[in-house]
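The values are calculated or read from the model by the stated rules, or taken from the named source; none is laboratory data. All of these numbers come straight from a predicted model, not from anything done at the bench. Note that each Cβ is placed from the backbone with ideal geometry, even for glycine, and that neighbours are counted across all protein chains shown. To get the accessible areas, we keep the full protein, side chains included, count just its heavy atoms, and leave off ligands, DNA and RNA. Shrake-Rupley method; radii C 1.70, N 1.55, O 1.52, S 1.80 Å.
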Amino acid sequence: SSETFWTTTGMFPQEFIIGFPKCIKISKVAIQCYLVRTLRIERSISKDPVGFEQCIEKDLQHTEGQLQMEEFPLPDFQATYLRFIIKSAFDHFVSVHRVMAEGT
(Lines give C-alpha, C1' and ligand atoms only; values in the text may rest on other atoms or scores of the structure.)
Protein backbone atom coordinates (compact mmCIF):
# COMPACT_ATOMS: atom_id res chain seq x y z
CA SER A 1 0.00 0.00 0.00
CA SER A 2 1.36 3.41 -0.92
CA GLU A 3 -0.15 4.75 2.32
CA THR A 4 2.06 2.63 4.58
CA PHE A 5 5.80 2.59 5.22
CA TRP A 6 8.46 1.06 7.45
CA THR A 7 10.56 3.39 9.60
CA THR A 8 13.79 2.89 11.50
CA THR A 9 14.11 3.19 15.26
CA GLY A 10 16.93 5.74 15.24
CA MET A 11 20.19 3.74 15.43
CA PHE A 12 22.10 2.20 12.53
CA PRO A 13 22.47 -0.28 10.99
CA GLN A 14 18.79 -1.24 10.58
CA GLU A 15 17.58 -4.16 8.48
CA PHE A 16 14.55 -5.96 7.16
CA ILE A 17 14.18 -9.24 5.26
CA ILE A 18 11.78 -10.08 2.45
CA GLY A 19 11.11 -13.77 1.80
CA PHE A 20 9.73 -15.53 -1.27
CA PRO A 21 7.85 -18.87 -1.26
CA LYS A 22 10.75 -20.51 -3.13
CA CYS A 23 14.04 -19.59 -4.79
CA ILE A 24 13.24 -17.27 -7.71
CA LYS A 25 15.13 -15.49 -10.48
CA ILE A 26 15.23 -11.74 -9.96
CA SER A 27 16.21 -9.37 -12.77
CA LYS A 28 15.77 -6.06 -10.94
CA VAL A 29 15.12 -4.69 -7.45
CA ALA A 30 13.75 -1.19 -6.91
CA ILE A 31 13.30 0.69 -3.64
CA GLN A 32 11.57 3.91 -2.67
CA CYS A 33 12.89 5.31 0.59
CA TYR A 34 13.59 8.57 2.41
CA LEU A 35 16.84 9.85 3.94
CA VAL A 36 18.83 6.62 3.39
CA ARG A 37 22.56 7.32 2.94
CA THR A 38 24.09 3.85 2.51
CA LEU A 39 22.09 0.77 1.52
CA ARG A 40 23.30 -2.81 1.26
CA ILE A 41 21.28 -5.64 -0.31
CA GLU A 42 22.15 -9.24 0.50
CA ARG A 43 20.62 -12.49 -0.68
CA SER A 44 20.13 -16.00 0.60
CA ILE A 45 19.24 -19.03 -1.51
CA SER A 46 18.70 -21.20 1.57
CA LYS A 47 15.37 -22.60 2.70
CA ASP A 48 15.68 -20.46 5.85
CA PRO A 49 16.89 -16.82 6.11
CA VAL A 50 20.54 -17.71 6.81
CA GLY A 51 23.81 -17.64 4.91
CA PHE A 52 23.37 -14.21 3.35
CA GLU A 53 25.89 -12.89 0.83
CA GLN A 54 26.36 -9.26 -0.16
CA CYS A 55 25.10 -8.32 -3.62
CA ILE A 56 24.98 -4.53 -3.73
CA GLU A 57 26.10 -1.65 -1.55
CA LYS A 58 25.42 1.90 -2.67
CA ASP A 59 25.51 5.43 -1.32
CA LEU A 60 22.24 7.11 -2.27
CA GLN A 61 21.76 10.74 -3.24
CA HIS A 62 20.09 13.04 -0.72
CA THR A 63 16.76 14.29 -2.10
CA GLU A 64 15.42 16.94 0.23
CA GLY A 65 11.67 16.55 0.74
CA GLN A 66 11.31 13.79 -1.89
CA LEU A 67 11.48 10.01 -1.92
CA GLN A 68 14.68 8.41 -3.14
CA MET A 69 13.98 5.99 -6.00
CA GLU A 70 16.74 3.52 -6.79
CA GLU A 71 16.81 0.58 -9.21
CA PHE A 72 19.36 -2.21 -9.11
CA PRO A 73 19.63 -4.46 -12.19
CA LEU A 74 20.57 -8.01 -11.17
CA PRO A 75 21.39 -10.23 -14.17
CA ASP A 76 21.33 -14.00 -13.51
CA PHE A 77 20.36 -13.47 -9.88
CA GLN A 78 18.52 -15.98 -7.68
CA ALA A 79 17.23 -15.55 -4.14
CA THR A 80 14.83 -17.00 -1.60
CA TYR A 81 15.38 -14.08 0.80
CA LEU A 82 16.56 -10.50 0.34
CA ARG A 83 18.00 -8.63 3.31
CA PHE A 84 18.08 -4.83 3.10
CA ILE A 85 20.55 -3.20 5.48
CA ILE A 86 20.43 0.55 5.99
CA LYS A 87 23.98 1.23 7.14
CA SER A 88 23.70 4.99 7.53
CA ALA A 89 21.28 7.86 6.96
CA PHE A 90 21.01 11.58 6.42
CA ASP A 91 18.90 11.90 9.61
CA HIS A 92 18.13 9.92 12.78
CA PHE A 93 15.09 8.24 11.22
CA VAL A 94 14.50 6.98 7.67
CA SER A 95 11.57 5.33 5.96
CA VAL A 96 11.08 2.66 3.29
CA HIS A 97 7.90 3.10 1.26
CA ARG A 98 8.10 0.43 -1.41
CA VAL A 99 10.30 -2.48 -2.47
CA MET A 100 9.76 -4.13 -5.83
CA ALA A 101 11.43 -7.23 -7.24
CA GLU A 102 11.00 -8.13 -10.90
CA GLY A 103 11.70 -11.61 -12.21
CA THR A 104 10.32 -15.11 -12.59
Seminar exercise, completed: Given 78-86, 23-31, the highest-first ranking by average Cβ count within 10 Å works out to 78-86, 23-31
Seminar exercise, completed: Restricting to aspartates and glutamates and to Cα separations under 12 Å from LYS25, and discarding same-chain partners fewer than 8 apart, the set is ASP76, GLU102
Problem set entry | Using θ = phi - 60° and Karplus 6.51 cos²θ - 1.76 cosθ + 1.60, couplings along the stretch 68-81 (whole Hz; Gly, Pro as x) | 8, 10, 10, 10, 10, x, 9, x, 6, 10, 10, 7, 9, 9
For this session: Using the heavy atoms of the protein chains and a 1.4 angstrom probe, tell me the accessible area per residue for the stretch 14-103 in square angstrom.
Result: 57
For this session: Give the carbon-plus-sulfur fraction of the accessible surface of the stretch 14-103 in %, rounded to a whole number; probe 1.4 Å, heavy atoms of protein chains only.
Result: 48
For this session: Assign one of three labels to the chain, namely rounded, prolate or oblate, based on the Cα gyration tensor with a ≥ b ≥ c the square roots of its eigenvalues; rounded applies when a/c is under 1.5, prolate when it is not and a/b is larger than b/c, and oblate otherwise.
Result: prolate
Exercise. Considering the zone a paramagnetic label at GLU64 would reach in this model (a point 7 Å from Cα along the Cα-to-Cβ line), which residues of the stretch 31-56 have amide N under 18 Å from it?
Worked result: 34-37
Exercise. Ordered by packing density, taken as the mean number of other Cβ atoms within 10 Å over each peptide's residues, highest first, how do 63-71, 34-42 rank?
Worked result: 34-42, 63-71
Problem set entry | Cα centroid separation - the stretch 1-32 against the stretch 55-104, whole Å | 8
Problem set entry | the stretch 14-103 - charge dipole about Cα centre, Lys and Arg +1 at Cβ, Asp and Glu -1, debye rounded to 20 | 280
